[in-house]
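Notes for the one structure printed next.
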Amino acid sequence: MPEGPSVRKFQLLTSPFVGQVVAKVGGSSRKINVNDLNALRLHDSQVHGKNLYLAFVAADSPLGPTAEETVLQGEAASGASSPAQGGQEQVCGPQARPQEEELQGLLRSRSEAPDAAEGPGSWLRFHFGLFGSIRANEFSRANKANKRGDWKDPIPRLVLHFESGGFLVFYNCRIHWCSSPRADPASDILSVEFHRGRALDALRTPDPICHTLLNQKYFSGLGNIIKNEILYLAKIHPLTQGSVLALPDLERLLDCAVQFSAAWLHIKLRGKGLHPQIYQKEHCPLGHAVMKGTLGASGGFKRLTWWCPQCQPVVPSGDGDPAPATE
Ligand SMILES: [Zn+2]
């Protein structure tokens, strides 16, 4: 699943389209009625942890906070008003300007959506799957044949064509309407507001450090690759209990988390790929054989973890026992 730095890059792909009106839609998403997005203006784009949020308002609504009422009124208005979009006629689908009754229908169906508990909203939340991605002005092409030998291009969940002629394509993601972004910059490792004290408190519990790092409540945006790499950089065994580590060790781990995530983002923005030191490696950079195990909190997600037993030695747990054995 794309981690914080990847989702930040996705957000940067969407930002040139902020302020533009959706002229045509497509995609296979069944979670939302993609036609609801026709004739709306992309108003804002935000990233929080591993989630991307896009705000939509009616094309003719005043800029400012996106109030639900504005969207509803605006949707009706954009359906009725004559477009000032000039030559965009040919790219507008037939649903681009639905009639008033149809709009009311759309609004009703939206409020009956499964996530209606959060209220129908003007924000779309994107949560990316393992191979989730966004493309701007290009479609993803098959880079290998599938099991049947077909070269089949990935099917987009959502395609947004804008009045400028540019378009955004969303692959392998879950899409929901929501009333507002679930934002907690204090837990976002890529945010300047990231709260080190809170993160430090979370790390100091007796839980294995590799479980705590993946807790999005404290380390939003931190995923399995970052976890593996920073534990190697900080020379900490993944199953070490946070409570037995000295404060300077935990501080160093936090430094690694913040610096590594920021560095990865910069690498991505330069169009380069990450060269992991331990993730999916057989040897660490010092040439030691690397161990691999499926680790995770009991009842929670188990994630493949790589570590070097020499660079990241086992630390006895608080009650004197060695750290739990792994395969
Ligand atoms: Zn090593």
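Data table
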quantity: Condition broken by SER220, with the remaining ones in (1) more than 16 Å from the ligand (Cβ to nearest atom); (2) among the polar types (S, T, N, Q); (3) over 30 Å from VAL22 (Cβ atoms) satisfied; calculated: (3)
quantity: Filtered residues of the range 269-310 (kept if within 14 Å of the ligand (Cβ to nearest atom) and of a type in the set (Ser, Thr, Tyr)); calculated: TYR279
quantity: Flag for GLU138 being surrounded by 14 or more Cβ atoms within 10 Å (Cβ to Cβ), assigned by TED's automatic domain parsing to the domain that holds LYS24 and under 20 Å from VAL25 (Cβ atoms); calculated: no
quantity: Matching entry among PRO322, PRO316 (being more than 11 Å from the ligand (Cβ to nearest atom) and at pLDDT 80 or above); calculated: PRO316
quantity: Single residue of the range 150-182 satisfying the filter (part of a loop (DSSP other than H, G, I, E, B) and within 16 Å of the chain's Cα centre (by Cα)) that is farthest from ALA39 (Cα to Cα); calculated: ARG182
quantity: Residue match in the range 289-296 (condition: assigned by TED's automatic domain parsing to the domain that holds HIS211, in contact with a helix residue (DSSP H, G or I) (Cβ under 7 Å, 6 or more places away or on another chain) and closer than 22 Å to VAL47 by Cβ); calculated: no
quantity: LYS272 assigned by TED's automatic domain parsing to the domain that holds ALA202 and touching a strand residue (DSSP E or B) at 6+ places or on another chain (Cβ under 8 Å); calculated: no
quantity: Number of the exception - ARG252 against (1) away from the ligand (no atom under 16 Å from the Cβ); (2) assigned by TED's automatic domain parsing to the domain that holds GLY197; (3) assigned to a loop (DSSP other than H, G, I, E, B); calculated: (3)
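Quick grid of which residues meet (1) surrounded by 14 or more Cβ atoms within 10 Å (Cβ to Cβ); (2) at pLDDT 90 or above; (3) farther than 30 Å from LEU254 by Cβ:
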position: GLU112; (1), (2), (3): no, no, yes
position: GLY132; (1), (2), (3): yes, yes, no
position: PHE170; (1), (2), (3): yes, yes, yes
position: TRP177; (1), (2), (3): yes, yes, yes
position: ALA202; (1), (2), (3): yes, yes, no
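The values are calculated or read from the model by the stated rules, or taken from the named source; none is laboratory data. Treat the numbers as computed from the prediction; the structure is a model and nothing was measured. Virtual Cβ from ideal backbone geometry, glycine too; neighbours counted across all protein chains shown.
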